[in-house]
4 protein chains.
Amino acid sequence: MEERIRLLITCTDRPGIVAAVSNFLFERGANIVDAEQHSTGDRFFLRVEAELEQDPSVEFGELAQRFEMDWRLARSNPEKRVAILVSRYDHCLLDLLWRFEQREFEGTPAMVISNHPELAERVASHGLAFHHVSSEDKPAAEERFLELLADVDLVVLARYMQILSADFLERLTAPAINIHHSFLPAFAGANAYDRALERGVKVIGATSHYVTAELDEGPIIEQDVARVSHRDSRADLVRIGRDIERLVLARAVKWHLEDRVLVDGVRTVVFR
Amino acid sequence: MEERIRLLITCTDRPGIVAAVSNFLFERGANIVDAEQHSTGDRFFLRVEAELEQDPSVEFGELAQRFEMDWRLARSNPEKRVAILVSRYDHCLLDLLWRFEQREFEGTPAMVISNHPELAERVASHGLAFHHVSSEDKPAAEERFLELLADVDLVVLARYMQILSADFLERLTAPAINIHHSFLPAFAGANAYDRALERGVKVIGATSHYVTAELDEGPIIEQDVARVSHRDSRADLVRIGRDIERLVLARAVKWHLEDRVLVDGVRTVVFR
Amino acid sequence: MEERIRLLITCTDRPGIVAAVSNFLFERGANIVDAEQHSTGDRFFLRVEAELEQDPSVEFGELAQRFEMDWRLARSNPEKRVAILVSRYDHCLLDLLWRFEQREFEGTPAMVISNHPELAERVASHGLAFHHVSSEDKPAAEERFLELLADVDLVVLARYMQILSADFLERLTAPAINIHHSFLPAFAGANAYDRALERGVKVIGATSHYVTAELDEGPIIEQDVARVSHRDSRADLVRIGRDIERLVLARAVKWHLEDRVLVDGVRTVVFR
Amino acid sequence: MEERIRLLITCTDRPGIVAAVSNFLFERGANIVDAEQHSTGDRFFLRVEAELEQDPSVEFGELAQRFEMDWRLARSNPEKRVAILVSRYDHCLLDLLWRFEQREFEGTPAMVISNHPELAERVASHGLAFHHVSSEDKPAAEERFLELLADVDLVVLARYMQILSADFLERLTAPAINIHHSFLPAFAGANAYDRALERGVKVIGATSHYVTAELDEGPIIEQDVARVSHRDSRADLVRIGRDIERLVLARAVKWHLEDRVLVDGVRTVVFR
């Protein structure tokens, strides 16, 4: 029984890495389906997708040690559990759920958590668990989150409007992806559309990024924009922005679940 | 002999403005070729393009007073004098000169001023006056600028890398348009591409705006962007950015010369 | 009680139209909220949005006759009845329903008609009437359509995969908007994504247009595109295309319902 | 003395290709700088950029035979000779010349050939050979072309408005890239902007492709588009189109010169 694996490698750049890895895989009868690499001069990044009969993890550990690699063996797995955190806006949530149903993502929605009760029924109609966790007592809320999220593979903040504490993020075992409603670094923080309107920009955007303790400073996975004009009111910006937010978040979630995103400090390498 | 005029009006919004203006023009035998209006609720903006036999300025002054209008009567005039300030990068300069030759702009290049001598020959080959004004003694340079620019209709900063003083801008009689190499408000100030690279953005951009005393804070006329990825080096960003800068600056200059841009505080209304 | 009206006018271009219309409105105490005009040289197009106390239709008829205008008085009306025709793909349908719920559109979904039964439950969950009309007996199906659609203001073909007969379209009283999965005129007809893949295009698109008896030849309301590459399989094109189709159709429906689209032969004038 | 080579491989897809190639290179002390691969299932495409001390061509021939590879060893070479064919429009020509001066391209302009004399002086001012070859006697013109182009590495048709014969193309030793002023396959052939205007499209585009005997049917390298509206006249389409044509042609020429484009039947694989 062949299995499709993904080998993700980051290390100091030096000659022979590609040859060593491809040789290693070839000797084990692997068929390399896709491979992409990137070098910044200092750092080397590799993503190899291959069909393989046996798990090569143990032996690969030795090779990895020789090259001092950070590495990870990932599997294409439609069962990856994705938790979605949301506040009141439903556009990103509903779009993600629809894409899960279309099988656009390598994963399964595990639950929806909200600090507001309004979306309970909508979520239930998709046959999904909905957890209302009030954000009034933030430490308590974050403890509850940690219980709920103990077993998930990815947390998606789909316009979740509360700031998560550094302590919580440190204890969270899964990576978290946020969607911010501006083209960062412009308009970081709250009220991005109000500030875009006030400044009179001719382009608005959205940014999906990994969540870190510093607000809106995490590694950017994807960004996109739309043109606006003086004719567009705040309500227009919000409406146009919803469409960009949905698309940008969906791409980031898709690429993450397909193990296409490698973090390079405050930046990302996205092998598309 | 019919002449094409443009009537540009800004005033507090109230009923009857359009009727009064179009009536005024109709009674004088004008043919309204184009008209665009915009209301923010408080403020009203109007641009009317019309063919007219006589200059209606004196009489229109009375109507304007009644509505407490800020107004301006502009003419389609291919002789408008445009001065271009430039430092070492030539891409915006050469692109503007080419567009003048293609008659994309309602205007004529009047001179090129640079704080570096390198582009003298290139400019001369276009049959244009070139003035080298060293930026070492900034007050002296700005005095020289004011002499040179006394008689121009528009000043274009085509990647001019020096900051102009508030005093100079106050004494400058012509409006000035700058091109900034980022999508403002992101990466205002110097080294925009270095900072874009460092932040790991997936989109870079350019912004053309009217120059005000506050650096990179003037009313935005136009912005555009291009996608980049982890593969793009600083040199790539600069190269890709050049193409956006050229386009964005050219659009702003074109629209300004066609009297399509009305300033609304820190924003613009662009009637395209 | 003030009411907001929209006056839509098409006529041979000649002097005095704007003055006559704005004067007519001003004399009746109207407040012109927005006005846009367009002239092709021969033909003149005008859209005026105004607040008015009385219905000016009867009197305006006289003015219209003088200028030989095609005209229409429309009202901003959230009750406009919109019927959606769909086959098996649900992405456009669900997106439209979500936008109706978000109140993005001036209108109300009246019913969903499909030549397949699969989407019945989904539509019912939105509290909407669902009619399954088999396309096997096409004349019978079209008769049934005419009964169902007798009272609607707009028909939206949201990836409805059957060709409607010229006879049916002539008898249909409401305008119909279609979404085609290519940037027309490229890849008109069936299997647009297969043909895009085969041709190796680097950009795919979608087109929304009014339905006419000639397949995919109706006046285009909106188009948009997305980049693709050799890496994208047919499934990728379909997935990326879904997102463009949704957006392009939504814009066309929104603009039509706001009376922003005037037909100019095989083209449209879209006052946005 | 290390040299940077590019190995370009196309063959039937089967296991072991990547391992064999990277092993081959590693054993010769090569440092793989970049590698990209693509598989369509049937066909396999590989581009490897590496630093190497010795020319590996002879030995690689054996490996290539084993895998029945179409292959090519290319070198990063700023001396590649590029001939530009042009008619009357100068925008693509001048843009290419400027990019050569900016060192955006791996190559050198070798000559400009035109069927019109108008651009002679402009080309001379760049220190370049200009050949006026009248297109009145087409067979004679093509004979003259073959003499002039005997020694060039790439021919760029920068809005050259004559159709080249199949016989000529067969005898031409260098590849030829054309820029077409529409998003193919829409508006193939002449008068693309007139037809775009007539059809009322909301998006116009440009396409760069390899020239083949079938007009506008060659493998597409790059495409891009711009939005237009009912306000845009034919002159506007031409002006907006010029900017897209320049960009799209420049990208295709750049990628070709960097050996990033592999032909896959009527399509291309572009490793960017």
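Annotation: D:V18 carries an accessible surface of approximately 20 Å², with a 1.4 Å probe and no ligand, DNA or RNA atoms counted. Nearest chain C C-beta to the C/A rotation axis, reported as residue and distance in angstrom, is C:S125, 3.
Within 10 Å of each Cβ in A:19-26, how many Cβ atoms from other chains are there, averaged over the peptide? Show your work: numbers first, answer last.
Details: counts 11, 3, 3, 11, 6, 1, 4, 8.
Going residue by residue through A:19-26 and averaging, the value is 6.
Taking the C-alpha atoms only, the angle from helix B:17-27 to the longest principal axis of chain B is near 70 degrees. Here the spin labels are modelled as points 7 Å beyond Cα on the Cα-Cβ line, and at A:E198 and D:R103 they lie 4.5 nm apart. Rounded to the nearest 10 square angstrom, C:D42 shows an accessible area of 110 square angstrom against a 1.4 Å probe. Projected onto their three principal axes, the Cα atoms of chain A cover extents of 60, 40, 36 Å, largest first.
Could you report the range A:4-75's accessible area per residue, 1.4 Å probe, as an integer in Å²? Don't skip to the end; give the middle numbers.
Working: 3260 Å² over 72 residues.
With the other protein chains kept in place, the range A:4-75 gives 45 Å² per residue.
Evaluated over the Cα positions of the protein assembly as shown, the convex hull gives a direction-averaged projected area, one quarter of its surface, of 47.6 nm². C:L215 label point (Cα plus 7 Å toward Cβ) to equivalent points in the other copies: 2.6, 5.6, 6.2 nm, shortest first.
Using a cutoff of 8 angstrom between alpha carbon atoms and counting only pairs six or more residues apart, the relative contact order for chain B works out to 15 percent.
Sorting B:T268, C:T12, C:T212 by accessible area (1.4 Å probe), largest first, what list results?
Numbers: B:T268 5, C:T12 80, C:T212 55 Å².
My answer, sorted largest first, is C:T12, C:T212, B:T268.
Taking the label point 7 Å along Cα→Cβ, B:R122 and its counterparts in the other copies are spaced 1.7, 5.4, 5.6 nm apart, in ascending order. Of the options A:S125, A:L148, A:L172, report the single residue whose Cα projects farthest towards the positive end of the charge dipole of the range A:117-199 (beta-carbon charges: Lys, Arg +1; Asp, Glu -1). So the residue furthest toward the plus end is A:S125.
Could you please state how large a percent of the accessible area of the range A:4-75 is carbon and sulfur, counting protein chains only and using a 1.4 Å probe? Present the calculation step by step, with values, prior to reporting the outcome.
Values: 1380 of 3260 Å².
Of all accessible area on the range A:4-75, carbon and sulfur atoms account for 42 percent.
Simple spin-label estimate for B:H131 and B:E143 gives 1.4 nm between the two label positions (7 Å along the Cα-to-Cβ direction from each Cα). Quotient of the Cα radius of gyration of the range C:86-161 and 2.2 N^0.38 Å, N being its number of residues: 1.07. Spread over its residues, the convex hull of the C-alpha atoms of the range C:1-98 is 149 Å³ per residue. Each residue of the range B:58-64 was assigned a 3J(HN,Hα) from its phi angle through the Karplus expression (A = 6.51, B = -1.76, C = 1.60, θ = phi - 60°), giving 4, 5, 5, x, 5, 4, 4 Hz with x at Gly and Pro.
The mean sequence separation of alpha-carbon pairs under 8 Å and at least six residues apart, normalised by the residue count of the range C:14-151, gives a relative contact order of 15 percent. Averaging the Cα positions of each part gives two centres, and for the range A:107-164 and the range C:22-49 these lie 51 Å apart.
Roughly how much of B:I163 is accessible, in Å² to the nearest 10, using a 1.4 Å probe? Counting only protein heavy atoms, the figure is 100 Å².
Rounded to the nearest 20 Debye, what is the dipole magnitude of the range C:1-134 about its Cα centre when Lys and Arg each give +1 and Asp and Glu each give -1 at the C-beta? Could the numbers behind the result be given before it?
Values: 15 positive and 23 negative charges, 68 e Å.
Its charge dipole is roughly 320 debye.
May I ask for the angle, rounded to the nearest 10°, between helix B:91-101 and the longest principal axis of chain B, with both axes built from Cα atoms and the value confined to 0 to 90°? Once rounded, the angle reads 40 degrees.
Of the solvent-accessible surface of the range A:86-163, computed with a 1.4 Å probe and all protein chains present, 48% belongs to carbon and sulfur. Shown for the range C:27-44: residues covered by the partner protein chains by 30 Å² or more of accessible area relative to the chain by itself (probe radius 1.4 Å), namely C:N31, C:I32, C:D34, C:A35, C:E36, C:Q37, C:H38. Beyond 26 Å between alpha-carbons counts as too far, so tell me which of D:K138/D:K202; B:K202/C:K202; A:K254/B:K202; C:K254/D:K202; A:K202/B:K202; A:K202/B:K254 fall in that bin. Pairs exceeding the cut-off: D:K138/D:K202.
So what's the gap between the Cα centers of the range D:174-190 and the range A:182-219, to the nearest angstrom? Comparing the Cα centres of the range D:174-190 and the range A:182-219, I get a distance of 40 Å. The residues of the range D:81-270 expose, per residue, 37 Å² of accessible area to a 1.4 Å probe.
Inter-copy label distances for C:R81: 4.9, 6.8, 7.5 nm (label point placed 7 Å from Cα along Cα→Cβ; shortest first).
Using only C-alpha atoms and all pairs of different ones, pull out the Kirkwood radius for the range A:173-272 in Å with one decimal. Answer for the range A:173-272: a Kirkwood hydrodynamic radius of 13.8 Å. Think of chain D as a dipole: +1 on every Lys or Arg Cβ, -1 on every Asp or Glu Cβ, centred on the Cα centre; then among D:H38, D:V228, D:H256, D:V228 lies furthest on the positive end.
Any idea what the relative contact order of the range B:170-233 is, in percent, if you count C-alpha pairs under 8 Å spaced at least 6 apart? Provide the component values of the computation, followed by the final result.
Values: 100 pairs, mean separation 21.9, N = 64.
Relative contact order, the range B:170-233: 34 percent.
Surface burial for D against C, with a 1.4 Å probe and both sides summed, reaches about 2800 Å² of accessible area.
The values are calculated or read from the model by the stated rules, or taken from the named source; none is laboratory data. Source: prediction; values computed, not measured. Positions of Cβ are backbone-derived with ideal geometry, glycine not excepted, and every protein chain shown enters the neighbour counts. The area values use the complete protein model at the heavy-atom level, side chains included, leaving out ligands, DNA and RNA. Shrake-Rupley method; radii C 1.70, N 1.55, O 1.52, S 1.80 Å.
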